[in-house]
Amino acid sequence: MKPTRGSPWRPLAGAFAACVALGLWAGAAQAELPKGGAANLAMVGEPQGLDPMVSTADLVGTIMQHVYEPLYTFDANWNVAPMLAEGMPVVSKDGLSYSFTIRKGVKLHNGRDLNADDVVASLQRWMELSPRGKSVAKEVESLSAKGPLGVELKLKNPYAPLLAQLALPSGMAAIMAKESIAPQLKDFIGTGPYKFKERRPDQFTVLTRFDGYSARKEAPSGYAGRREAVLDELRFVPVPNANTRVEGSLSGQFQYADLLPVEAIGRIEKGAPAVVPIVTKNFGFPYIVFNTKEGVLTSQPLRRAVQTAVGQGELMAAGFGDNRFFVVEPNFFPKGTPYYAATGSNVYNTRNPQAAKEAAAKAGYNGQPIRIMASRQYEFHYNMALVMSEQLKKAGFKTDLQVVDWATLVQRRNDPKLWDVYFTHSGLFPEPMLSPPQLGDDAPGWWDSAAKKSSLKAFNQETDSGKRGALWGTVQQTVYDEVPFIEVGKFNGLSARSAKLEGYTPAIWPFFWNTGLAK
């Protein structure tokens, strides 16, 4: 999905408008949907936890965005829009002070009204525990409640990505009941249209309608506007095998099946009219994270050698097969957007085993195995990992391909002793600092360098969108130079829904408010 954003991101609107035209956000205006029923929603695996702050995993954000809400969210054009906040913040002329007012009468799942103390305590926890929040925390001078519904956040320096960071469902700045806050959450008490009921590991996570939900009055638009819990229950079912998700979708076992292998599109199309294929255009980009903290790839020259061995075109072909589903290009952002840059393109898609072997020898490589972690729950991750392993072997590297379930990968990537490389992916967002998390602080990979700090400081403190675009080129060059991760390419996502699931709006993090089942 190619997003746009508001205010400083306004120039992106034209470049990303195709998503709206393609029906990506279709369904904002709905006929009255029948209330009741339960939807079985096949997810790629078991979430490693349900804390929406601690994990940047999309699966956790997808589930828990129904339980928790942020102060701000994104509308259908990827403008930042208020959710729990009454409106957009009042920002001081120097850009250092943000004043938020919370909507009056918003109910928490325990029955009491949300207040400023809940918001302050939640954001403080987010800044302590979330990889995204930690990045924001370094920019914050103070955070305090101003009366029962007012919150003031003061910055040390201007920080352009602030509202976008507060709006993202992944690693979410979730607002929760103050009394539920703990280092490890036991009670999931938010304000969302659904509340947590039960989780049985490897079986399901069940959410039920929150009848006390305080909806916004605006028309639905993307993640913004009015949310209504039409269904009685949402049942998120872990289905690690992609083909099982396809079969369950075709048989009617699942009303929704997430991220299917692209080669299944023909079978899904044949299942019509009972099953509807969902092609989410420009869904995101796969990327390969390197461990810069411990292990063989702490050496920057050795990471450069690995980069030289890798051919992204071959990886994308292995991951997606049908070229209607992917594009191979070095720029992190598409042409026509403010953040398009060609910097670093000379080392993209090199696939030069001899040059890589020579560079590795010069860097002191002595045959240590490179541990590559991937999960088959995202089949394209696994297929790309197989190809990368072979590319590295041709360049003289030893490899150890470790195939684990997604929850295990997400857990293991937090321990720098256990891996050297892992495969993941991200949505395509209009604000560069939203993804990947490695651009922030303390995310797995632990990239930290003087060049990173310098380039990002200049980029983040510049609030003029035109000037930020030029500065992004420096950041992109730094990524290609230091190789904390490799951007592989861009891809379209394939999912499927039952024709009976009405009102569903395709999205990077699928959501099921304003969605019902035909009788």
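The values are calculated or read from the model by the stated rules, or taken from the named source; none is laboratory data. A quick note: this is a predicted structure, and the numbers were derived from the prediction, not measured. All Cβ positions, glycine included, derive from the backbone under ideal geometry; neighbour counts span all protein chains shown.
List of remarks:
- When T292, T280 are screened for being part of a loop (DSSP other than H, G, I, E, B) and of a type in the set (S, T, Y), only T292 passes.
- The lone exception for D187 - which of (1) in contact with a Ser or Thr (Cβ under 6 Å, 6 or more places away or on another chain); (2) surrounded by 17 or more Cβ atoms within 10 Å (Cβ to Cβ) it fails: (2)
- Enumeration of residues in segment 128-150 that are within 21 Å of V90 (Cβ to Cβ) and surrounded by fewer than 23 Cβ atoms within 10 Å (Cβ to Cβ): E139, V140, E141, S142, L143, S144, A145, K146, G147, P148, L149, G150
- Residues of segment 434-471 that turn out to be assigned to a loop (DSSP other than H, G, I, E, B) and either closer than 30 Å to K93 by Cβ or small (G, A, S) (or both), as a count: 9
- P416 fulfils the conditions (1) closer than 25 Å to T62 by Cα; (2) in a loop (DSSP other than H, G, I, E, B) except for a single criterion, (1).
- Residue satisfying condition, being among the small types (G, A, S) and under 24 Å from the mean Cα position of the chain (by Cα), within set G311, G248, G222, G212: G222
- Put simply, of D415, D442 the only residue that is over 26 Å from F333 (Cβ atoms) and acidic (D, E) is D415.
- Among residues of segment 435-461 being in contact with a strand residue (DSSP E or B) (Cβ under 8 Å, 6 or more places away or on another chain) and closer than 24 Å to K281 by Cβ, the one that is modelled with the lowest pLDDT is S435.
- Top-ranked residue of segment 155-184 - restricted to ones that are surrounded by 15 or more Cβ atoms within 10 Å (Cβ to Cβ) and over 22 Å from the mean Cα position of the chain (by Cα), ranked as modelled with the lowest pLDDT: P158
- Candidates V246, V239, V289, filtered to the one that is under 30 Å from P432 (Cβ atoms) and β-branched (V, I, T): V289
- Residue that is nearest to K197 (Cα to Cα), among those in segment 234-284 that are acidic (D, E) and surrounded by fewer than 18 Cβ atoms within 10 Å (Cβ to Cβ): E247
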